[in-house]
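Contents: one structure, followed by commentary.
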């Protein structure tokens, strides 16, 4: 007689269907882990100060920055982490794309520091690079820090990734979050003076939000550090052919909407004006002789 073993009560027994279900669950878990890893390394929105691996493309000229001010005249000191003889600060400040700064050292990151004579408003850092000429010397990952001194530097651009750039790489700085931006609870889309005026909001009289929104990408600092985190093809040293910094002109530090004075003829909308008009000089006030 063939013996039959009852497995219905055996906790160690697993049917093929159950095993298949467990394998499917394991595969789903693995897929979720892979997706999480992909999300962690994927490029994120540029508007987030914590961005990683922002990808930008080189452009042939700086025409898009017309109207901004070249800050070279405000610089009191240019400093490099290292430099080959004859390939230093002078080479990145001249107008020639044939000359370049070349670092001289194994320690990374390589960096350039710019010290200003006063605290200046900075909006863009521009690097001229040429992968066709420099190949493995071409920067691949770049970050920018700003601050008042070496002790309080913060990330104005955490990481920018460049792919074989040949031309100007324009890095737009990102100001740190302002806690006051969260006050009021209004959406950013409804904060413009034009929108406020259309909605009948008196705040448009002062252009209250225009200034803060227009200069989200302007920082004020005494010191800028541009760090070359890595090079193409795992290069050791780096080449930078030009470096320029730009910021808004002084007359641009104003609201795009001119301040408007309420008209006395529209006193119903501005009761303060009506109350001011209703005031009369008291009898006790001495006359001016």
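Assorted remarks:
- Positions within segment 217-250 being assigned to a loop (DSSP other than H, G, I, E, B), in contact with a helix residue (DSSP H, G or I) (Cβ under 6 Å, 6 or more places away or on another chain) and under 23 Å from residue 115 (Cβ atoms), in sequence order: 238
- Only one of the listed residues (89, 75, 59, 114) is in contact with a strand residue (DSSP E or B) (Cβ under 8 Å, 6 or more places away or on another chain) and crowded, with 17+ Cβ neighbours inside 10 Å. That residue is 114.
- Condition met for residue 176 (in contact with a strand residue (DSSP E or B) (Cβ under 7 Å, 6 or more places away or on another chain) and in a loop (DSSP other than H, G, I, E, B)): yes
- Taking the listed residues 79, 108, the one that is more than 20 Å from the chain's Cα centre (by Cα), in contact (Cβ under 8 Å) with a residue 40 or more places away in the chain and in the same structural domain as residue 169 (by TED's automatic domain parsing) is 108, with no other qualifying.
- With a requirement of 1 or more residues that are at pLDDT 95 or above, the strands (runs of 3 or more DSSP E) lying completely within segment 45-124 that satisfy it span 75-80, 110-122.
The values are calculated or read from the model by the stated rules, or taken from the named source; none is laboratory data. Since we're looking at a predicted model, the values are computed, not measured. When we count neighbours, we look across all protein chains shown, and the Cβ atoms used for this are built from the backbone with ideal geometry, even at glycine.
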